[in-house]
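**Student:** The structure is given below, and queries will be raised subsequently.
The values are calculated or read from the model by the stated rules, or taken from the named source; none is laboratory data. Just so we're clear, the structure is a prediction, and the values are computed from it rather than from any experiment. Here the Cβ is made from the backbone with ideal geometry for all residues, glycine too, and neighbour counts use every protein chain on show.
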Amino acid sequence: MKYKLFVFDLDETLWTVSEGLCSLVRPPFRLSTPDRLENDKGYWVELKPGVRDVFKFLKSRKCYVSLASRNDHGPTMDLLDALKVSEYLVFPQLGWRPKEESIQRIIKEIQKRDKVTIKPAAVFFLDDWPENVVPVKNWGATALIYGQDVDSYEELLEMLK
Ligand SMILES: [Mg+2]
């Protein structure tokens, strides 16, 4: 595997959100399917089909998986915990800084904890906004646009196999 670290955006990349911002999905919420969380105000998030298969595959290949998402940390982690995907994630960056900075923070934390050096060429990034993807690509990573370069997680899995 050419890549050691996979970083994903959340909103409209890993999951679909009812009103644009997942922070609106506040507790109490419930799982209406294993992949969909709803609250009593009618807000919801739903993982895209195949996300879990990609995460399982990457785990089996001993790759690091993380997030770079513009969202509030606490409420977003609650959603990821409830969907049982947080167990796959190392040092997820949920905040308001540029994506390339978030990715560099993840790399620094991995270096500190595991003494593993990850170069830009070993980073794969996926986001639905071209404005987020271009700076990461310029930094030296493989950065693709969800919905344009990659249309589904089934397709991504095939690309990675
Ligand atoms: Mg997004």
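**Student:** Check K112 against each of (1) farther than 24 Å from D53 by Cα; (2) part of a loop (DSSP other than H, G, I, E, B); (3) free of Cβ contacts under 8 Å to residues at least 60 places away in the same chain; (4) away from the ligand (no atom under 14 Å from the Cβ) and name the one condition it does not meet.
**Tutor:** Exception for K112: condition (2).
**Student:** When you go through (1) at pLDDT below 95; (2) part of a helix (DSSP H, G or I) one by one for R97, which number turns out not to apply?
**Tutor:** Here R97 meets the rest and fails (2).
**Student:** Now a separate question. Can you name the residue in segment 1-43 that is part of a loop (DSSP other than H, G, I, E, B) and among the small types (G, A, S) and, of all such residues, is surrounded by the most Cβ atoms within 10 Å (Cβ to Cβ)?
**Tutor:** Taking segment 1-43 and keeping what is part of a loop (DSSP other than H, G, I, E, B), we get 1-4, 9-10, 12-14, 18-21, 25-28, 34-35, 40-43.
Checking which are among the small types (G, A, S) leaves us with 18, 20, 42.
Details: S18: 16, G20: 9, G42: 10.
The selected residue is S18.
**Student:** Here's another thing I want to ask about it. Return the total of residues in segment 44-55 being outside any loop (DSSP other than H, G, I, E, B), closer than 26 Å to A122 by Cβ and in contact with a Phe, Trp or Tyr (Cβ under 8 Å, 6 or more places away or on another chain).
**Tutor:** The total comes to 5.
**Student:** Here is a further query. If we scan segment 88-108, do we find a residue that is touching a residue at least 40 places away in the same chain (Cβ under 8 Å) and surrounded by fewer than 19 Cβ atoms within 10 Å (Cβ to Cβ)?
**Tutor:** Within segment 88-108 (the criterion being touching a residue at least 40 places away in the same chain (Cβ under 8 Å) and surrounded by fewer than 19 Cβ atoms within 10 Å (Cβ to Cβ)), the answer is no, since none of the residues qualifies.
**Student:** Still on this structure: Exactly one condition in (1) crowded, with 16+ Cβ neighbours inside 10 Å; (2) more than 13 Å from the chain's Cα centre (by Cα); (3) on the phi > 0 side of the Ramachandran plot is false for A82; which is it?
**Tutor:** Going through (1) crowded, with 16+ Cβ neighbours inside 10 Å; (2) more than 13 Å from the chain's Cα centre (by Cα); (3) on the phi > 0 side of the Ramachandran plot one by one, A82 breaks only (3).
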